[in-house]
1. By how many degrees, 0 to 90 and rounded to 10, does the Cα axis of helix 53-65 deviate from the longest principal axis of the chain?
2. To the nearest whole percent, what portion of all C-alpha pairs in the stretch 1-87 is separated by more than 18 angstrom?
3. State, as an integer percentage, the relative contact order of the stretch 32-119 based on alpha-carbon contacts under 8 Å between residues 6 or more apart.
4. Restricting to Cα pairs below 8 Å that are 6+ residues apart, what does the relative contact order work out to for the stretch 59-168? Please round to a whole percent.
5. If you fit an axis through the alpha-carbon atoms of helix 13-32 and take the longest principal axis of the Cα set of the chain, what angle between them do you get, 0 to 90°, nearest 10?
6. Starting from the Kirkwood radius over alpha-carbon pairs of the chain, derive D by Stokes-Einstein at 20 °C in a medium of 1.002 mPa s and give it in µm² s⁻¹.
7. Write out the GluC sites (Glu not before Pro) in the stretch 63-111 meeting two conditions: DSSP loop, and at most 10 other Cβ atoms within 10 Å of their Cβ.
8. Would you mind getting me the FRET efficiency between Asp83 and His143? Use the beta-carbon distance for r and R0 = 22 Å, nearest 0.05.
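The values are calculated or read from the model by the stated rules, or taken from the named source; none is laboratory data. Predicted, not measured: the structure shown is a model, and the values here were computed from it. Glycine gets a Cβ as well: all are built from the backbone with ideal geometry, and neighbour counts include every protein chain shown. When the accessible area is computed, the model is the full protein with side chains, heavy atoms only, and any ligands, DNA or RNA have been set aside. Shrake-Rupley method; radii C 1.70, N 1.55, O 1.52, S 1.80 Å.
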Amino acid sequence: MTRIGDSPPAWDERTQLTTFLDYARDTARAKCEGVSAENARKALLPGSPLMTMCGVINHLRWVEYYWFQVVFLGEEDHAPITDEDPDGEMRIAVDFPLPQLLDEYAEQSARYRELVAGNDLDKRAVGTIRNGLHVDLRWILLHLTEETARHNGHLDIMRELLDGTTGG
């Protein structure tokens, strides 16, 4: 897999923000490269039985869906997450092959790249966050970069525990 770098091709704010999010997305995919189907579904942390590589990738997909489609665009939420099952996206992830989840994540990322390109960074979300604020697209990009980078740390730890692979 050829990895993208974290140095943007231009130094305007939009390019910097989108480059870092793409870099974080690409890092998540790279952490999963070469993982067996069995290992992709293994939960390695005793206190986190839903924390699998499939689970993290599926979570990242649904997090982006939520922030772009539900919050930014104001669409109805169709995520597999409910009050009764707040970790539904993690639970169902083991029912899907990791390559399928990665492909769907990449396809979704491409659609959101287009959404971001077609909107001003100052544009406010239709939906609100917990405190009732309408965040702007810039905030959503920053938040998703933080969220994805944090979960890359989880993927890093799981990969090392699974087969000793580090780095990347």
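1. 10 degrees
2. 60 percent
3. Contact order relative to length: 32 percent.
4. Worked out over the stretch 59-168, it gives 27 percent.
5. In the chain, helix 13-32 runs at an angle near 10 degrees to the longest axis.
6. After rounding, the answer is 129 µm²/s.
7. Glu76, Glu84
8. Calculated value: 0.50.
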